[in-house]
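Okay, structure first, notes after.
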Amino acid sequence: MSFELSPEHEAFRRTVREFAEAEIAPHAAQWDRDHHFPVDVVQQMGKLGLMGLTAPEEYGGAGLTGEDGAFTSLCLAIEEISRVDQSMGITLEAAVGLGINPILTYGTDEQKAQWLPDLVAGEKLAGFGLTEPGAGSDAGATRTKAELDGGEWVINGAKQFITNSGSEITSLVTVTARTGRSENGTPEISTIIVPSGTPGFTAEPAYDKLGWHASDTHPLTFVDARVPESNLLGDRGRGYAQFLATLDDGRVAIAAVAVGCIQACLDLSVQYAGERQTFGVPIGRKQGLAFQISDLQVMLDASRLLTYKAAAMKDAGASSEDFKQAAAVAKLYATESAVTATRIATQVFGGYGFMEEYAVARFYRDAKVLEIGEGTSEVQRMLIARGLGLPVE
Ligand SMILES: Cc1cc2nc3c(=O)[nH]c(=O)nc-3n(C[C@H](O)[C@H](O)[C@H](O)COP(=O)(O)OP(=O)(O)OC[C@H]3O[C@@H](n4cnc5c(N)ncnc54)[C@H](O)[C@@H]3O)c2cc1C
């Protein structure tokens with residue numbers, strides 16, 4: 001058993017860190033203030049190969065396998081980007097985990113050939129439309145419908161809070177929709193690819209969010225939106241199951257966003273506590289403060305180990321039950337730790353921590369959603385309890 005990353009992974013981390021510090025960190029606060037989604041930087045992440053880390057070479061990807069630690073590389077990239085800006089971290093996470101992943105995993109050769117090269121290059125983005133106004137944690141309660149008519153799916157309904165779904169480079173969203181009834185009478189849910197620009201499909205104006213201001217999040221509406229029957233993604237009736245499996249990967253990637261956030265909180269807190277003077281000494285001399293920063297180190301190490309362990313399990317081809325459990329544990333612990341870490345870091349900065357000119361204020365606003373997206377903390381606890389064999393609802 002080794003708790004060290006390989007030299008290749010460490011070198012890759014340095015490359016992404018240099019990119020993040022040069023191209024993202026200096027601008028993150030301004031993008032946040034302006035609610036600006038920096039398309040050029042998203043495309044630069046693509047040029048650096050970050051969107052293609054888990055994709056085969058034939059679609060322009062790195063051609064890495066589990067043996068190479070492909071998924072671990074993705075998590076490292078997400079962590080390093082999130083260390084300077086969670087908005088760009090989640091943009092990368094969603095681009096790969098929610099945009100590319102379903103098409104790569106469930107798409108036909110034709111669908112992959114049509115959509116993946118631009119997505120893998122980072123020239124385009126894809127959204128993942130599961131959540132609806134009345135179906136979030138209870139995502140199986142989807143109301144959106146798709147009916148076959150003359151060789152086309154006719155889609156009606158609405159999706160909510162969908163990341164990367166309405167940017168100027170969004171090429172498609174995959175959506176879950178009811179496509180009929182199963183033999184046992186329950187709704188049959190399938191996944192359908194809806195290209196941007198399809199008449200009747202509208203990405204409504206972006207949300208005014210508490211944080212992640214520089215990420216792209218929209219409500220979507222579908223009014224008689226017609227797409228070819230061949231846009232069915234994966235098996236008919238398996239849409240919900242496919243999306244749940246996609247979310248297992250996504251949860252580890254969200255945990256990586258949290259790890260980056262905690263690392264930033266620790267770095268900024270250590271530096272500030274050594275500089276800021278009260279009562280004639282640096283505030284880091286005061287145990288009341290220094291001990292809180294010690295807790296950040298503990299949270300960071302534990303969150304990172306859980307996240308890397310889950311990523312390594314994915315790379316090693318662990319069973320889906322084991323991986324699901326590890327993903328939920330990592331997501332739950334790392335994201336709740338990130339929220340706590342931003343509260344501590346803001347406290348370390350005192351009044352300055354409440355001022356937007358200090359990054360900790362932005363991190364404080366950004367972190368909260370980590371406990372909500374891709375399954376709330378309550379949903380993670382429910383999954384973990386089920387994994388333990390408890391008869392929890
Ligand atoms: C910025 C942002 C980006 C997002 N991006 C995407 C995206 O790209 N694609 C997508 O499909 N979705 C996306 N989401 C949606 C996100 O996954 C949902 O918001 C989340 O799953 C919770 O669903 P909900 O908002 O409907 O809350 P609800 O399900 O209504 O939950 C409300 C509260 O009740 C609790 N609760 C619900 N059920 C239970 C239960 N059984 N036991 C205990 N507590 C329970 C929840 O934990 C929560 O605290 C995004 C959300 C945000 C905020």
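We did not get these values from a lab; they are worked out from the coordinates using the rules stated. Bear in mind that the values here come from a model prediction, so they are computed numbers and not experimental data. Cβ: placed from backbone, ideal geometry, glycine included. Neighbour counts: every protein chain shown.
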Return a yes/no flag: does region 216-223 have any residue that is among the acidic types (Asp, Glu), away from the ligand (no atom under 13 Å from the Cβ) and touching a residue at least 40 places away in the same chain (Cβ under 8 Å).
no
Identify the single condition in (1) out of contact with any strand residue (DSSP E or B) (no Cβ under 6 Å at 6 or more places or on another chain); (2) surrounded by fewer than 23 Cβ atoms within 10 Å (Cβ to Cβ); (3) in contact (Cβ under 8 Å) with a residue 40 or more places away in the chain that Gly260 does not satisfy, given that it satisfies every other one.
(2)
Is it the case that some residue within region 203-213 is in contact with a strand residue (DSSP E or B) (Cβ under 6 Å, 6 or more places away or on another chain) and assigned to a strand (DSSP E or B)?
yes
Taking the condition of being in contact (Cβ under 8 Å) with a residue 12 or more places away in the chain, within 16 Å of the ligand (Cβ to nearest atom) and part of a loop (DSSP other than H, G, I, E, B), how many residues in region 129-162 meet it?
8
Output the residue which, of all residues in region 343-380 that are of a type outside the set (A, V, I, L, M), away from the ligand (no atom under 16 Å from the Cβ) and in contact with a Lys or Arg (Cβ under 9 Å, 6 or more places away or on another chain), is farthest from Thr163 (Cα to Cα).
Gly350
Does any residue of region 178-191 turn out to be within 14 Å of the ligand (Cβ to nearest atom), buried (at least 20 other Cβ atoms within 10 Å of the Cβ), closer than 25 Å to Glu110 by Cα and not acidic (Asp, Glu)?
yes
Conditions (1) surrounded by fewer than 19 Cβ atoms within 10 Å (Cβ to Cβ); (2) assigned to a helix (DSSP H, G or I); (3) touching a residue at least 60 places away in the same chain (Cβ under 8 Å): number failed by Gln347:
(3)
